[in-house]
Every structure is written in C-alpha cells, then in structure tokens.
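Inspection log for the structure reproduced underneath, given as structure tokens.
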Amino acid sequence: MKKDVDDTELKRCGKLLIKHQLTIAFAESATAGRISAAFAMVPDAGKFLKGGIVCYDADLKCSLLDVPKKQLKEFTPESETVTRGITKGVQTLIPADIHIGCTGLTAPGGSETPGKPVGTMFLHGLQGQQQVLDERIFFQGAPDEIISQTITFLAKHLHQYLKNLK
C-alpha cells in the first residue's frame, strides 16, 4: 500500500484536537479502518483518538450501530442516510467529542448506479448534536486511491472546522 494520504493535514488536525482538548472516534464502512489507522499515525494520537468501528458488512450497521434495516433497503448501505446513522450509532458505543462516519463505493459490486457510481463517498461528522460535516464526494481511481483521497478530504475539512473553534 503506497503512502498517498496527506499527513500534513492529519497532523494539523491532531494538533488542533489536542489544543481544544477534543477526542474523536470513527465508524467506517468502505474505508475499512483506514481513517482510524491514518489518525493513529499522527504524533500524540493517544491524546485525541478514542477508536473506531469497522462496519463493512451491512448487517453490522444494523446490529452494532442500530441503523434500521428499512433504511438500508430504502437508501442502500452506501448512502447519506446510512452514513448519518452509523455516525449516530458510534456515538453510543465510543465516548468521544467528535464522531465521524464514512460509507461509499470504492469498487464495483455495491449499490452503484449511474447517479451514484463507484468512487462516490459519504462522510458525516458530529460534535455532540452539532454537525461538523455532511459530504457526498466523488473520487476516481483504484479502491486504495479512492480511500486515500477520502482520508485527505476528511482531514482538510476537519482541519477547517477545528481551526474555526474558539
């Protein structure tokens, strides 16, 4: 696996999370733990990273993170609605200040359609009840490239959010 995640943005996030004394946790589907792993490589990650849940299988989204099966069927496991659901679900499992959920399509075989092709990724973030981010983005490339682009995108947006905190 080549190193192609912008660790500069990750380090900036880490410094700001520590400065603001905030912790973070993740619920990951398509990225399969790579977001958590990327943040774990940031210096002093133990001061802000609480952990993450990999819910690659749709059944785990229901059984572990309490996403209603009806939502999975109606919106698909890779959707804005389900991403919001796994983010709320991880809030009940991992105590942290900020929770981020990610689903998406990194390879064929999911719920891709002409309107939601492979490369479509969803990110949702909450600080308590306040929305930190809610993004539907599209990246091109191999699965590992899509995941790396997603992590870099998340780090840039999270950095911007943290920079604006008082």
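Here are the numbers for the structure shown:
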{"read-out": "Per-residue HN-Hα couplings for region 35-48 [Karplus 6.51, -1.76, 1.60; θ = phi - 60°; Hz; x = Gly/Pro]", "value": "5, 4, 5, 5, 5, 5, 7, 6, x, 6, 4, x, 7, 9"}
{"read-out": "For I53, residues with placed amide H under 5 Å, excluding near neighbours", "value": "F26, A27, E28"}
{"read-out": "Fraction of antiparallel bridges per DSSP, the chain only, in percent to nearest 5", "value": "60 percent"}
{"read-out": "Relative contact order, percent, region 35-166 [alpha-carbon distance under 8 Å, six or more residues apart]", "value": "17 percent"}
{"read-out": "I98 long-range amide H proximity, modeled H, under 5 Å", "value": "T23, I24, A25"}
{"read-out": "The chain - charge dipole about Cα centre, Lys and Arg +1 at Cβ, Asp and Glu -1, debye rounded to 20", "value": "520 debye"}
{"read-out": "Among L154, L123, L22: highest mean-square fluctuation, GNM of the chain, C-alpha pairs under 10 Å", "value": "L22"}
{"read-out": "Simple label model, 7 Å out from Cα along Cβ direction - K70 to K156, nm", "value": "3.8 nm"}
{"read-out": "Relative contact order (%) - criterion: Cα under 8 Å, at least six apart; region: region 1-101", "value": "33 percent"}
{"read-out": "Whole-Å distance, taken between Cα centres, linking region 140-166 and region 3-75", "value": "11 Å"}
{"read-out": "Debye intensity ratio in log₁₀ form over the Cα atoms of the chain, taken at each q of 0.10, 0.18, 0.19 Å⁻¹", "value": "-0.32, -1.07, -1.19"}
{"read-out": "For q = 0.20, 0.23, 0.26 Å⁻¹, Debye-computed log10 I/I(0) when each Cα of region 1-67 counts as one equal scatterer", "value": "-0.81, -0.95, -1.07"}
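The numbers here are math on the coordinates, done by the rules we state, and not lab data. All values reported here derive from a predicted model rather than from experimental measurement. Glycine gets a Cβ as well: all are built from the backbone with ideal geometry, and neighbour counts include every protein chain shown.
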